[in-house]
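Asks: Structure provided below as structure tokens; questions to follow.
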Amino acid sequence: MKVKKGDTVLVISGKDRWKKSKILQVFPKENRVMVEGVNLRKKHRKPKNSGEKGQIIKLPGSISISNVKLICSKCGKPTRIGYKIMENKKYRICKKCGQET
Ligand SMILES: [Zn+2]
């Protein structure tokens, strides 16, 4: 899994194409991610009391990880990720600017 929760990504496919947002959740087994404000699904919520109106809430649905591109936290560009291992620690490197991201 190249991206993680909290990363900012660019959506490159689907109806939310070119939207920049944050990863809320990663599903490694399914190769899917949940991105804030992307692929929203409407959900109806029933009123708790009889005097209240029902609400429609919007929740993000997951999208395939191949539909997002990481935005580098250092240079702010959509990028591919490389890895560097130093002193037994793995670092994620932006292929655009070469910095750890
Ligand atoms: Zn970069």
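Values quoted throughout were computed directly from the atomic coordinates according to the rules given, and no laboratory measurement underlies them. Here the structure is a predicted model, which is why all the values come from computation and not from measurement. Cβ placement follows ideal geometry from the backbone for every residue including glycine, while neighbour counts extend to all protein chains displayed.
Asks: Among GLU100, GLU52, GLU87, which comes first, second and so on when ranked by fewest other beta-carbon atoms within 10 Å?
Replies: The most exposed by this proxy come first: GLU87, GLU52, GLU100.
Asks: Based on C-alpha coordinates, I'd like the Rg and Dmax of the stretch 8-94, in Å.
Replies: Taking only Cα atoms of the stretch 8-94, I get Rg and Dmax of 17.7, 63 Å.
Asks: Please give, to one decimal in nm, the separation of the simple spin-label points placed at CYS97 and SER73, each 7 Å out from Cα toward the Cβ.
Replies: 1.2
Asks: State the answer as a single residue: which of VAL38, ILE65, LEU10 lies farthest towards the positive end of the charge dipole of the chain, with beta carbon charges of +1 for Lys and Arg and -1 for Asp and Glu, about the Cα centre.
Replies: Farthest towards the positive pole: VAL38.
Asks: Give me the net charge for the shell around GLN25: Cβ to Cβ below 14 angstrom, other residues only, Lys and Arg +1, Asp and Glu -1.
Replies: +2
Asks: Could you list, in their original order, any pairs among LYS43/LYS84; LYS20/LYS42; LYS43/LYS74; LYS4/LYS53; LYS43/LYS90; LYS15/LYS46 whose Cα atoms are separated by more than 32 Å?
Replies: Going by Cα-Cα distance, LYS43/LYS84; LYS43/LYS74; LYS4/LYS53; LYS43/LYS90 fall outside the 32 Å limit.
Asks: How large is ³J(HN,Hα), in whole Hz, for each residue of the stretch 41-48 in order, when computed from phi with the Karplus curve 6.51 cos²θ - 1.76 cosθ + 1.60 and θ = phi - 60°, using x for Gly and Pro?
Replies: 10, 7, 10, 8, 10, 6, x, 7
Asks: Would you mind checking which residues have amide H under 5 Å from LEU40's amide H? H placed 1.01 Å from N; only 5 or more apart, or other chain.
Replies: Sorted by chain and number, the residues that satisfy this are GLY61.
Asks: Further question on the same structure: Show me, for the stretch 87-101, the HN-Hα J-couplings you get by feeding each phi into the Karplus relation (A = 6.51, B = -1.76, C = 1.60, θ = phi - 60°), rounded to Hz, glycine and proline as x.
Replies: 6, 6, 10, 9, 10, 8, 10, 6, 6, 7, 10, x, 8, 5, 9
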